[in-house]
Amino acid sequence: MAIASRNYRTLYDVQQLLKEFNVFVYVGKRLYDIELMAIELDNLYQSGVVDNSTYTKAKIVLRKEHREEQTRIKKGKLY
């Protein structure tokens with residue numbers, strides 16, 4: 001069962017993708033949540049349930065969010 005490729009633009013979109021596979025991530029720190037989502041996405045891709053296009057789009061979103069979160073942490077900004 002492969003999920004058809006859609007547009008993934010936000011972290012929420014990636015969360016909804018993971019939710020389709022009953023993967024719910026909440027560690028308590030946003031940076032760690034993003035890292036764990038990336039690991040779970042890798043596992044889904046390696047299992048063959050997520051196609052290459054979906055994987056690539058979601059992975060780009062996660063990398064962007066991770067980079068932005070690291071910048072926020074360095075600047076000491078909270079939400």
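Of the residues in the stretch 54-68, not one is open to solvent by less than 70 Å² (accessible area, probe 1.4 Å) and assigned to a loop (DSSP other than H, G, I, E, B). Regarding Ile3, is this residue at pLDDT below 95 and either open to solvent by less than 30 Å² (accessible area, probe 1.4 Å) or touching a Cys at 6+ places or on another chain (Cβ under 7 Å) (or both)? Yes; evaluated as a whole, the condition is true for this residue. Restricting the stretch 69-79 to residues that are assigned to a helix (DSSP H, G or I) and of a type in the set (Lys, Arg), the residue that is farthest from the chain's Cα centre (by Cα) is Lys75.
Could you tell me which residue of the stretch 12-47 is most open to solvent (accessible area, probe 1.4 Å), considering only residues that are of a type in the set (A, V, I, L, M, F, W, C) and part of a loop (DSSP other than H, G, I, E, B)? Checked the stretch 12-47; the qualifying residue most open to solvent (accessible area, probe 1.4 Å) is Phe24.
The values are calculated or read from the model by the stated rules, or taken from the named source; none is laboratory data. These numbers come from a predicted model, not from an experiment. Every residue, glycine as well, gets a Cβ built from its backbone with ideal geometry; the counts of neighbours run over all protein chains shown. The area values use the complete protein model at the heavy-atom level, side chains included, leaving out ligands, DNA and RNA. Shrake-Rupley method; radii C 1.70, N 1.55, O 1.52, S 1.80 Å.
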